[in-house]
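Asks: To start, I am sharing the structure in question, which I have written as structure tokens.
The values are calculated or read from the model by the stated rules, or taken from the named source; none is laboratory data. It should be emphasised that the depicted structure is a prediction, and the values quoted were computed from it without experimental measurement. When we count neighbours, we look across all protein chains shown, and the Cβ atoms used for this are built from the backbone with ideal geometry, even at glycine.
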Amino acid sequence: MKNRILAFIFAAAVLAVPALAQTAQLPAPPPVEKDLAARASSVDEITLSKNMLAAAAALFMNSKDKDEAATSQLVERLDGIYVRDYEFAKEGQFSIEQIEQLRKYFETSEWTPIVRDRDHTTGESSDIMVKMVNGKSSGLFILDVEPKEISIVLILGPVGMEELGKLKNLAWLGIMEGTHHTGPDNGK
Amino acid sequence: MDFEPMDDFDRKLKRLFERWPAPPDLKRRLMENRRRRKERPQWFALPFAARVAVSLCLLAGVFAALYGGIAANQAEQRRKGEEARRQVLLALRITNHALDHMNRQLAAHNRARQE
């Protein structure tokens, strides 16, 4: 009987760990993140939880800038914004395998790719994925790779790209609403 | 035989009425107690106006502490909000940079395809 109870507790713990990990999603696998940060000449790491976003939304709301007021409405509904930007002093500081690992991290049934563009001559690539839950978008993942820069953006929460596109500087996302674009190698 | 309890009562009563000499230092102790009580500051010994003033001072102190605490908390919240706002703007700038690059790349590929 005691063994059965122990086995049950162990099984519950084993099931709970991935569940917890799922709720606290990171924009990149930690080992890859660590390695890229160590090689980069400049790193921007932004981790904004729901609480932090609420605090920022309160300030945006008081702003006279129309765009900041719109940002407030959007930001207060989000669950998190995670951004990693790595700039490298020279080319070849990261491997294609690392980029693949970053993509694979989001290749789950929940995430739908809407932009997938690859340039094999320069090594540049772009990916936009949208997280769909019950037919509603609840997350956005952007991975942009340049020869000397990697940008990873993860926005979690009920957010439409049309809404994001209304923000100053992000107007391009508004155009992407409802479109699926694949690059020259057709999503290879 | 029936009066025995009464005798006992009489005996106890008699003992209570007996005169006992006071302890030798009783007077000294009493005087010392009195002196000590006089030296101790007594709240009710203060005049009414002074008592009101002290109460008001204490109340003002409590309010000042409360106000200070609230103000410090608000300042901390504001500092956190400012930091979060700065980070949101940086996040939007990086996102914009990534999207801009993506847009240029897609446009270039479209042009190449058309040519």
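Asks: If I filter segment B:60-82 down to residues being over 18 Å from residue A:81 (Cβ atoms) and within 10 Å of chain A (Cβ to nearest Cβ), which single residue comes out as surrounded by the fewest Cβ atoms within 10 Å (Cβ to Cβ)?
Replies: Ranking the qualifying residues of segment B:60-82, first place goes to B:79.
Asks: Now, a different point. For segment A:33-51, name all the residues that are free of Cβ contacts under 8 Å to residues at least 40 places away in the same chain and not charged (D, E, K, R).
Replies: Across segment A:33-51, the qualifying residues are A:38, A:46, A:47, A:48, A:49, A:51.
Asks: Scan segment A:81-111 for residues that are under 19 Å from residue A:162 (Cα atoms) and surrounded by fewer than 20 Cβ atoms within 10 Å (Cβ to Cβ) and jot them down.
Replies: Once the filter is applied, which keeps residues that are under 19 Å from residue A:162 (Cα atoms) and surrounded by fewer than 20 Cβ atoms within 10 Å (Cβ to Cβ), segment A:81-111 yields only A:111.
Asks: Please go through segment A:43-81 and pick out each residue that is acidic (Asp, Glu) and not in a loop (DSSP other than H, G, I, E, B).
Replies: A:44, A:45, A:67, A:68
Asks: Sticking with this one: Does residue A:15 satisfy the condition of being more than 17 Å from the chain's Cα centre (by Cα), surrounded by fewer than 20 Cβ atoms within 10 Å (Cβ to Cβ), modelled with pLDDT under 75 and closer than 25 Å to residue A:111 by Cβ?
Replies: For residue A:15, the condition - more than 17 Å from the chain's Cα centre (by Cα), surrounded by fewer than 20 Cβ atoms within 10 Å (Cβ to Cβ), modelled with pLDDT under 75 and closer than 25 Å to residue A:111 by Cβ - is met.
Asks: Hey, can you tell me all the residues within segment A:89-111 that are part of a loop (DSSP other than H, G, I, E, B) and either out of contact with any Ser or Thr (no Cβ under 6 Å at 6 or more places or on another chain) or of a type in the set (S, T, N, Q) (or both)?
Replies: Listed by number, the residues that qualify are A:90, A:91, A:92, A:93, A:94, A:95, A:105, A:106, A:107, A:108, A:109, A:110.
Asks: Within segment B:83-93, can one find any residue that is surrounded by fewer than 13 Cβ atoms within 10 Å (Cβ to Cβ), closer than 18 Å to residue A:72 by Cα and not acidic (Asp, Glu)?
Replies: So far as segment B:83-93 goes, no, none of its residues is surrounded by fewer than 13 Cβ atoms within 10 Å (Cβ to Cβ), closer than 18 Å to residue A:72 by Cα and not acidic (Asp, Glu).
Asks: Under 6 Å by Cβ, and 6 or more places apart or on different chains, what pairs join a residue from segment B:93-115 that is in a helix (DSSP H, G or I) with one that is surrounded by fewer than 12 Cβ atoms within 10 Å (Cβ to Cβ)?
Replies: Listed by first residue and then by second, the contacts come to nothing, as the list is empty.
Asks: May I ask you to list the residues in segment A:112-133 that are buried (at least 17 other Cβ atoms within 10 Å of the Cβ) and either assigned to a helix (DSSP H, G or I) or not aliphatic (A, V, I, L, M) (or both)?
Replies: Scanning segment A:112-133 gives A:113, A:116, A:117, A:118, A:119, A:124, A:125, A:126, A:127, A:131.
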